[in-house]
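Below is one structure; the comments refer to it alone.
The values are calculated or read from the model by the stated rules, or taken from the named source; none is laboratory data. All of these numbers come straight from a predicted model, not from anything done at the bench. Methodologically, a virtual Cβ is constructed for each residue, glycine included, from the backbone with ideal geometry; neighbour enumeration extends over all protein chains shown. When the accessible area is computed, the model is the full protein with side chains, heavy atoms only, and any ligands, DNA or RNA have been set aside. Shrake-Rupley method; radii C 1.70, N 1.55, O 1.52, S 1.80 Å.
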Amino acid sequence: DGNELPEIKEYVKTKVQSDGKSPLYGIAEDKNLIFISAESMQSFVINSKMKGEVITPFLNSLVKDDSTFYFKNFYHQTQQGKTSDSEFLLENSLYPLSRGAVFFTHGQNEYHALPEILNQENYYTSVYHSNNKSFWNRDQMYKSLGYDHFYGEKAFEVTKENSIGWGLEDKAFFEQSMKYLQAQKEPFYTKFITLTNHFPFEIPKDKASIEKFDSNSRTLNNYFQTVRYTDEALEQFFNQLKESGLYKDSVIVIMGDHYGISENHNKAMAKYLGKDEITPYDHVQLQRVPLFIHIPGYDKGKVMSEVSGQIDLKPTLLHMLGVSTKNDIYFGNDLFRDDRKDFTAFRNGDFVSDQYVSTGGVCYQRQSGEPVNINQNVNEETKQKDPCKSITEQVEKELGYSDDIIYGDLFRFIDFSKSGISK
Ligand code: GP9
Ligand code: MN
């Protein structure tokens, strides 16, 4: 019956939200928001080479672009729901579930998601993704999130020639999306979900622009080619946005949805990174996915090194659009604020903070990767000195609150329209 709500509200008010506005508050007011979910794109390919070749020339150029904020310590926080979990984090700033996919298990809940909020701000909202509409229960979930329209596989012309792996290749996907995009009422919030860089990362020879890697993992060997393909598709899309005139009236966000290379390929990954092995600490660092926030016309963009995660996007994007989140309930922080919560939590209770990485019960110094020396065979009092312990407690509390909201469908009990959320 919503009994937990007062405690959750209190937590969000005191530990998550803060008064005052970030320097970028309202910078994108009334602009279109074009969000691109880049399938399986991990940060280790950005500004890196493979066999002497640059892997992502276009994205690297974006990193340097004065109109771009690139977040190099941005983590995915997904679990078994993969792409759908990353969508859930983005739209709600709530955590996905520890088992299963919340898109399936709680697709009929009440949410207070980005599309619904932006609809109230007179935005048209849509998703483009060339896959069966019911995959990940998207058709149902997108209604619950408030999307106006979902352009699924049937909206596209998919042939043998323009398909790679899971379906329509990214270049054709963006190209065919342009006619719909240009017809949309502005301002709009539109999410594109790419597909070509999906496991097992296979691409026909004539569509690959770089070599394969050489290791014992065919998956990693292939990965670089499909990553490069998506990089080229993104460049083409930026050019098409410019030609259409939409570019200058839009903010463009590109985010990796989750890892592409699992720990089953650690040996090959170690070879690529020139390391002896992938330690648990390295594994956490490999959960970084790229985040680009590109604001045409803005010229003070830079590389941001703050620890951050997918949970931070909803408040960040709403604030950029000049929409207050004052009485909303969510667990992320505006990426452009200094007074941020000091950790990015993973679904399994691990976390990364400014100073520490906590994984598998071991607390590491974030900068050096050295375990924090904790004297284990001592009394309780000394054990308290584990610097990760207090953060772990907050992480667990927060994950629990997020679960309470989902399992109890608690937003049923809140009328957000009466809670004073507005510009
Ligand atoms: C499927 C696409 C990929 O529609 O989003 O899903 P994933 O396997 O990455 O969760
Ligand atoms: Mn995915």
Is it true that some residue in the stretch 53-65 is within 16 Å of ligand 2 (Cβ to nearest atom), open to solvent by less than 10 Å² (accessible area, probe 1.4 Å) and at negative phi? no
If residue 40 satisfies every condition in (1) open to solvent by less than 10 Å² (accessible area, probe 1.4 Å); (2) touching a helix residue (DSSP H, G or I) at 6+ places or on another chain (Cβ under 7 Å); (3) in a loop (DSSP other than H, G, I, E, B) but one, which is the exception? (2)
Tally the residues that are more than 16 Å from ligand 2 (Cβ to nearest atom) and either open to solvent by 50 Å² or more (accessible area, probe 1.4 Å) or touching a strand residue (DSSP E or B) at 6+ places or on another chain (Cβ under 6 Å) (or both), restricting the search to the stretch 120-139. 9
Here are 93, 18: which of them is open to solvent by less than 20 Å² (accessible area, probe 1.4 Å), small (Gly, Ala, Ser), farther than 29 Å from residue 201 by Cβ and away from ligand 2 (no atom under 16 Å from the Cβ)? 93
Looking at (1) under 14 Å from the mean Cα position of the chain (by Cα); (2) crowded, with 18+ Cβ neighbours inside 10 Å, which one does residue 32 not meet, given that it meets all the others? (1)
Go through (1) closer than 14 Å to residue 406 by Cβ; (2) open to solvent by less than 20 Å² (accessible area, probe 1.4 Å) one by one and return the number of the condition residue 100 breaks. (2)
Considering each residue of the stretch 103-125, count those that are within 16 Å of ligand 1 (Cβ to nearest atom) and touching a residue at least 12 places away in the same chain (Cβ under 8 Å), and give that number. 3
The stretch 107-196: strands (runs of 3 or more DSSP E) wholly inside it with 1 or more residues that are over 19 Å from residue 91 (Cβ atoms) and more than 19 Å from the chain's Cα centre (by Cα) are none
Residue by residue through the stretch 140-192, note down the ones that are in contact with a His (Cβ under 9 Å, 6 or more places away or on another chain), buried (at least 21 other Cβ atoms within 10 Å of the Cβ) and closer than 15 Å to residue 33 by Cα. 191, 192
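Could you name every one of the helices (runs of 4 or more DSSP H) located completely within the stretch 261-370 that has at least 3 residues being free of Cβ contacts under 8 Å to residues at least 40 places away in the same chain?
Filter on the stretch 261-370 gives an empty set.
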For the stretch 73-99, enumerate the residues that are in a loop (DSSP other than H, G, I, E, B) and more than 13 Å from ligand 1 (Cβ to nearest atom). 73, 77, 93, 94, 95, 97, 98, 99
Failed condition for residue 22, given (1) of a type in the set (S, T, N, Q); (2) touching a Phe, Trp or Tyr at 6+ places or on another chain (Cβ under 6 Å); (3) without any contact (Cβ under 8 Å) to a residue 40 or more places away in the chain: (3)
All but one of (1) buried (at least 19 other Cβ atoms within 10 Å of the Cβ); (2) at pLDDT 95 or above hold for residue 340; state the number of the condition that does not hold. (2)
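Yes/no per residue for (1) closer than 30 Å to residue 58 by Cβ; (2) open to solvent by 20 Å² or more (accessible area, probe 1.4 Å); (3) modelled with pLDDT under 95:
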residue: 294; (1), (2), (3): yes, no, no
residue: 316; (1), (2), (3): yes, no, no
residue: 321; (1), (2), (3): yes, no, no
residue: 331; (1), (2), (3): no, no, no
residue: 345; (1), (2), (3): no, no, no
residue: 365; (1), (2), (3): no, yes, no
residue: 398; (1), (2), (3): no, no, no
